[in-house]
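The values are calculated or read from the model by the stated rules, or taken from the named source; none is laboratory data. Bear in mind the structure is a predicted one, so any value in this text is a computation, not a measurement. Glycine also receives a Cβ, built like all others from the backbone with ideal geometry; neighbour counts cover every protein chain displayed. The accessibility values were calculated without ligands, DNA or RNA, using every heavy atom of the protein model including side chains. Shrake-Rupley method; radii C 1.70, N 1.55, O 1.52, S 1.80 Å.
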Amino acid sequence: MIKLEIVPRSIHVLQNNATEISCNRPHQGEGNVTFLFALGDITQKGYEKKRAKLLAPYIPQTQGKYGISVQIKTSSSSKYHRARSGGARDERYRSDIHTEAVQAALAHHKEQKMALPMPTKRRSTFVQSPADVCTPPDTSSASEDEGSLRRQAALSAALHQSLQNAESWINRSIQGSSTSSSASSTLSHGDGKGTSGFLHFTENFSIPPDVTATTSSSSSSARPATIDLPPSGIVKGMHKGSNRASLMDTADGVPVSSRVSTKIQQLLNTLKRPKRPPLKEFFVDDFEEIVEVPQPDPNQPKPEGRQMTPVKGEPLGVICNWPPALEAALQRWGTTQARCPCLTALDVTGKPVYTLTYGEWSISAATGLRNPALMPLLVALVYPNNDPVMFMVAFYGCLLAEVIPVPIEVPLTRKDAGGQQIGFLLGSCGITLALTTEVCLKGLPKTQNGEIVQFKGWPRLKWVVTDSKYLSKSPKDWQPSISTAGTEPAYIEYKTSKEGSVMGVTVSRIAMLAHCQALSQACSYSEGETIVNVLDFKKDAGLWHGMLTNVMNKMHTLSVPYSVMKTCPLSWVQRVHTHKARVALVKCRDLHWAMMAHRDQRDVSLSSLRMLIVTDGANPWSVSSCDAFLSLFQSHGLKPEAICPCATSPEAMTVAIRRPGVPGAPLPGRAVLSMNGLSYGVIRVNTEDKNSALTVQDVGHVMPGGMMCIVKPDGSPQLCKTDEIGEICVSSRTGGMMYYGLTGVTKNMFEVIPVNSAGSPVGDTPFVRSGLLGFVGPGSLVFVVGKMDGLLTVSGRRHNADDIVATGLAVESIKTVYRGRIAVFSVSVFYDERIVVVAEQRPDASEEDSFQWMSRVLQAIDSIHQVGVYCLALVPANTLPKTPLGGIHLSQTKQHFLEGFLHPCNILMCPHTCVTNLPKPRQKQPGVGPASVMVGNLVAGKRIAQAAGRDLGQIEENDLVRKHQFLTEVLQWRAQATPDHTLFLLLNAKGTTVCTATCLQLHKRAERIASALYDKGHLNAGDNVVLLYPPGIELIVAFYGCLYAGCIPVTVRPPHAQNLTATLPTVRMIVDVSKAACILTTQALLRLLKSREAATAVDVKTWPAIIDTDDLPRKRLPQIYKPPTPEMLAYLDFSVSTTGMLTGVKMSHSAVSALCRAIKLQCELYSSRQIAICLDPYCGLGFTLWCLCSVYSGHQSILIPPMELESNLFLWLSTVSQYKIRDTFCSYSVMELCTKGLGNQMEVLKARGINLSCVRTCVVVAEERPRISLTQSFSKLFKDIGLSSRAVSTTFGSRVNVAICLQGTSGPDPTTVYVDLKSLRHDRVRLVERGAPQSLLLSESGKILPGVKVIIVNPETKGPVGDSHLGEIWVNSPHTASGYYTIYDNESLQADHFNTRLSFGDAAQTFWARTGYLGFVRRTELTAASGDRHDALYVVGALDETLELRGLRYHPIDIETSVSRTHRSIAECAVFTWTNLLVVVVELCGCEQEALDLVPLVTNVVLEEHYLIVGVVVVVDPGVIPINSRGEKQRMHLRDSFLADQLDPIYVAYNM
């Protein structure tokens, strides 16, 4: 009686599974029972200890306990009976000793156990497939995700931490240190950047505006309207005194209620103890990085024995009545013993249904295949496993007709696992004819018109039915001519290799005969014996014993098909009992099934058996099955000496077999080997750690007439030492002779000449490799410890897949694993093999149970095998690819895993444990690397990296505009000089002009706005005014109205009516930060700002004065404001950066004039020109082109609001074509819309008459690295409608200077270079050739504008760098912004970003502005307009966004590009770091079942291509990754949403 005291609480962790009883087989009949307690503990004490620890914080001390007593009975009769439920273990791997060892190892782990973070899964995901209708609802997410207890604990801990640390957090924030330790928030602009104290600015909302609220449902992949969102409303330059934020973060900047952050903390805890030894030295900057090669363990065991000598079997006896060929035996018995039974087939109930006699059969076999002239050389035999009779007739018929039979499985569907490879074998053998039965032919899949389908990869076959009614009888006088057996092929047996390819092992007639003779001698077969065969009769031992050797010895075979075993597992035992069979051919599986069904029938006797041949005795775990079967059936007459394990392989055929023993003789001993020794290929008797021992039984002696040696498994076939594990090779006449049609592989496999340690051959006898690993023990007994196909070589150590399967099954698999179906294989990732374990999950297994089992399996394998598992996946029951007999098709499973078609329902990746060969982390060297030269105080490459546009002073320009200092003066001048010249046309979605503005109209309307500001707004010069308009001419009018009134305009994107909660707070923030005195807007937007919906998002009562400009009275302005100096402020440019920083920069009147002039000169703009603009007009260069340039240069701008493209994709291109536009400007999002939406509509474009041959420049306006793949796709796609390949180019600008580069009309085309990614991570630039590994294609970002100078600077030292280095781009130009707009001017930040100097060098006296972008300058072979060689500027990425990992600098876009390529269902991807963990977020555009397939693929590709281990993989719906109006990902906003648990992910995987 066992008492379990369980507190009655509704914790789903403890429900229903207080105990689980595993009745393991006691040794030699002892009645002990082992209890495996739930929640991962083994003992009663451990269970209670863990339970108390779990519940302690939540149970009032006074609460009483309830004793629940559970009585468990064991009955000796039912000791082995377990219902054949879905959880039955695969008893091939059953071992009590191993189970106990696993439990002991887990108990040891428990002492140092850490909470592993359980993956987060959406409730709706992964409804289990076929077998799983009864799957309970998933309780691992939503409200009961971890059990409310765990969340409360996390909450209270986090609260406690935040109370302790709030003060230090505030201090740290004010001192300017980053609130997160993630490298992506490293402050790029020196130490001064943080001194303003970035605080969470929350006026009316205490959480960040939720970007995810806008996402469409997961079924739609449409992205929401693009939103510029500062995630937590971070404002650059806010003063510490203005903090009104409620501190919602803990010390690490994690929202306290976030379950995500709790899990990340758990994950970090699991990673804190490094697995690998400490590194002696670190990576030095200028050495090429190499993979760290694990050093061999000095204590590893080494072989010490002498070199082995080949072992000979007993001589093959010469018996006078052995036939000269197998066919002769058939003829002899058919004529002399015609009535003797040869083969009995069973029906589905297990009853004999048909017996073939030797007489009938020899006639049948000779029938129908008599005309060799009409027969092909090879034919396929396609017979089902329940029809041995028809197969036997056809097989011998082929032998008699001298046709080579190729037995294969019956194809069930067009896409059988491995079916395509079978097709390749048939094709390579030139097979055109297939023999089959009528029933089988009817069952084959058919096309609609009744023909048999063409199987994938198969040649066209003619199907011939061999049922006797379709065959003509042979003439009475016909006698087959049977020649003596020679080396000609008899039959071909197919074999599937580790990689999944199918090869045909050709067996000669002499080998077939000799093998039958050797088996007859080894097994002492005699005439008339009965043999029960449970194996597949078409190949391997089932064919050799049950179809060939039985004929030679006139034996009677009873064939028990697999289908009968499924319904009646005891049927083979009953056949032995009924027919007094002398021999039975089984596998461990059949022993186990018989034990399970044993209670159904007790009165069976196995006393007649003299040989129970266990044909998978080569599996080292067979010893447990044999012992268990013997202990149960010994009372039924089974003799211990009758159990005869044997080892076989398709190439060497029978390698060794234990001879039937003499009653009373001592049984052979066991080898108890150290698994650690085995992993080094050395035989050591296990002494130290009994947990990691492997007990193996012998498989008898070498076959009669054979010779055996052991050679090293890899490299040349060198003979092993006596205490070394190697591949068993056999030399005899009884093996296969070649792989059909594969001479190269044949030589390596079938013609091996062993060599000694000096490399010289030992004898000249060729050996055949068996594919089995083992050794020859005392008394020449052969021991097998594994197969070459199951060998996993990880970091130089060898592990056996079967051993790992056994360990997995020993961990309480009954509740989790469906029918013990576990597959283990290795995949090559990052220069080493990595172990993958895939198991089928029971339909009724809970998430908690599955996760418990998975984490315990990882611990067990780590303890027992000392190897880490890279990936452990659970798939729904019955979904792994199957072999014809129902086993797991390993190579197909591996292929599905690598291609992302496995569809797991649970997955755990452990790259941190396994990957120990990463390059050494880089430590930045304080000195100078040898690749650079010291010049005074300067580190240079060949030359200092600097470049400049044309000099503005040298450009002769007789332009009337030059005499006007201010844009307002230019507009007034144009209104007088060319009043009717149209400056702006606004188009709608249909392409019709909805609004125009001439010079005079613009001037008059601007005056009206200025009057309204004076009259309604009562504003003074210098007041800030927010302009809230949709893209259009009203915005332009309002802008010039503000200038006329002397007010400072601030253009703001209007809120989205359908998404106010997400977009309105950003508007509110800009209004507040800019201290706007008034808002100018339209009537519709005015209503929206004051609506009830708006009130839920912000406080609508505190808006400043709002003026509706729709119907203003015509009123003449008394005077137009003229600023006293050009350095006065013209407008404020507010924008949200990709890192979520909201910054406003100040643009002076002089900067505006200089900017317009530079663009005018670069693009050759003048009043007769037309340009088309499809851009957002709210900030940066988009605003400049939309509002300013036309007034300055006088050209006509055709304005196309980007949102109109959503309803008419053709709008932009048809406008360009219709108006014959030479220069057009767009954003990446517009280009992407056209590429994806119109890419397959070329014919429609041509039919509409769209022609782009007029386009000279198509410029993408951006503040990022050029997206070269998108621009190239666009160019290639629209080349068919006339777009020049040279037309597309990009611009580059930043917050400090909105236009640094712009391609323009003259000057050389943009250049591209391939750079080495590895060097780039070290901030070095190394050019490589196209196609070089780890190369990155970069394009020049247009030409540097006139008057602009750039220099590349080391961001840490602020010194100039050479042109072989990556550094920050600094800019000097007359149109640089004059500073950040802050509430309290912060001089240090202004000085650092806008007026900073180099620490040394010639240009140290110049004032520079820091762009915050990394790039480099290269001198090209092209000639610039000045006649000098052209210097190209390449932008690599934003400094704020870079990830510092392992001492290297990574750019998110590079990792994202790799990830996006891995699977067709990845729509978009973004990466960021959190507490030094790399987090990858992928949008899934396929079905949710594919979500978990992405986890290993993402981890693999980042490891392979970037040498980084991914910490967390988050799978989300399409449209979740926020993208701003410029088409840039807002990664920091995504990070904040993830940590605040606002993403509603499909799946979150924490890689351990």
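Quick look at the values:
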| item | result |
| --- | --- |
| Check on Ser1341, assigned to a loop (DSSP other than H, G, I, E, B), surrounded by 22 or more Cβ atoms within 10 Å (Cβ to Cβ), at pLDDT below 95 and of a type in the set (Ser, Thr, Tyr) | yes |
| Test: Ser625 is in contact with a His (Cβ under 7 Å, 6 or more places away or on another chain), in contact (Cβ under 8 Å) with a residue 24 or more places away in the chain and closer than 27 Å to Ile97 by Cβ | yes |
| Residue check for Lys1016: open to solvent by 60 Å² or more (accessible area, probe 1.4 Å) and touching a residue at least 24 places away in the same chain (Cβ under 8 Å) | yes |
| Verdict on Ser1168 being assigned to a loop (DSSP other than H, G, I, E, B), of a type outside the set (A, V, I, L, M, F, W, C) and open to solvent by 10 Å² or more (accessible area, probe 1.4 Å) | yes |
| For Arg1267: the one exception among (1) crowded, with 20+ Cβ neighbours inside 10 Å; (2) free of Cβ contacts under 8 Å to residues at least 24 places away in the same chain; (3) not small (Gly, Ala, Ser) | (2) |
| Selection from the range 1275-1297 of residues that are under 30 Å from Tyr1131 (Cα atoms) and either open to solvent by 20 Å² or more (accessible area, probe 1.4 Å) or over 37 Å from the mean Cα position of the chain (by Cα) (or both) | Arg1295, Val1296, Asn1297 |
| Residue in the range 1021-1041 that is over 58 Å from the mean Cα position of the chain (by Cα) and in a loop (DSSP other than H, G, I, E, B) present | yes |
| Residue list for the range 855-880, restricted to those being under 19 Å from the mean Cα position of the chain (by Cα) and within 18 Å of His109 (Cβ to Cβ) | Gly868, Val869, Leu872 |
| Residue within the range 1489-1505 that is surrounded by 21 or more Cβ atoms within 10 Å (Cβ to Cβ), among the acidic types (Asp, Glu) and over 22 Å from Lys894 (Cα atoms) present | no |
| Residues (farther than 18 Å from Leu773 by Cβ and of a type in the set (Gly, Ala, Ser)) located in the range 693-705 | Gly705 |
| Long-range neighbours under 9 Å by Cβ, at least six apart or interchain, first residue hydroxyl-bearing (Ser, Thr, Tyr) within the range 1379-1401, second in a helix (DSSP H, G or I) and modelled with pLDDT of 75 or more | Tyr1380/His1393; Tyr1380/Phe1394; Tyr1381/Val1073; Thr1382/Val1073 |
| Count - residues of the range 694-708 that are assigned to a loop (DSSP other than H, G, I, E, B) and under 44 Å from the mean Cα position of the chain (by Cα) | 1 |
| Residue within the range 1055-1077 that is assigned to a loop (DSSP other than H, G, I, E, B) and in contact with a helix residue (DSSP H, G or I) (Cβ under 7 Å, 6 or more places away or on another chain) present | yes |
| Failed condition for Phe1134, given (1) within 45 Å of the chain's Cα centre (by Cα); (2) of a type outside the set (Ser, Thr, Tyr); (3) under 14 Å from Phe966 (Cβ atoms) | (3) |
| Subset of the range 553-583 (residues that are out of contact with any Leu (no Cβ under 7 Å at 6 or more places or on another chain) and either free of Cβ contacts under 8 Å to residues at least 12 places away in the same chain or aromatic (Phe, Trp, Tyr) (or both)) | Lys566, Trp572, Thr578 |
| Residue count for the range 292-315, restricted to those that are in contact with a helix residue (DSSP H, G or I) (Cβ under 6 Å, 6 or more places away or on another chain) and of a type in the set (A, V, I, L, M, F, W, C) | 1 |
| Leading residue by the ranking (nearest to Gly790 (Cα to Cα)) among those in the range 684-716 that are hydrophobic (A, V, I, L, M, F, W, C) and open to solvent by 30 Å² or more (accessible area, probe 1.4 Å) | Val685 |
| Any hit, the range 467-474, residues being open to solvent by 40 Å² or more (accessible area, probe 1.4 Å), small (Gly, Ala, Ser) and touching a residue at least 12 places away in the same chain (Cβ under 8 Å) | yes |
| Candidate set: the range 1423-1432, residues that are farther than 30 Å from Leu1443 by Cα and modelled with pLDDT of 80 or more; chosen: the one surrounded by the fewest Cβ atoms within 10 Å (Cβ to Cβ) | Arg1429 |
| Test: residue in the range 1211-1221 that is touching a Ser or Thr at 6+ places or on another chain (Cβ under 9 Å), on the phi > 0 side of the Ramachandran plot and surrounded by fewer than 20 Cβ atoms within 10 Å (Cβ to Cβ) | no |
| Close pairs (9 angstrom Cβ cut-off, 6 or more residues apart or separate chains): surrounded by fewer than 22 Cβ atoms within 10 Å (Cβ to Cβ) in the range 815-826, of a type in the set (Ser, Thr, Tyr) and in a strand (DSSP E or B) anywhere | Ser826/Thr793; Ser826/Tyr870 |
| Residue selected from the range 433-466 under the condition in a loop (DSSP other than H, G, I, E, B) and in contact with a Pro (Cβ under 6 Å, 6 or more places away or on another chain), by the criterion surrounded by the fewest Cβ atoms within 10 Å (Cβ to Cβ) | Val453 |
| Among (1) within 17 Å of Cys720 (Cβ to Cβ); (2) under 42 Å from the mean Cα position of the chain (by Cα), the one test that Cys646 misses | (1) |
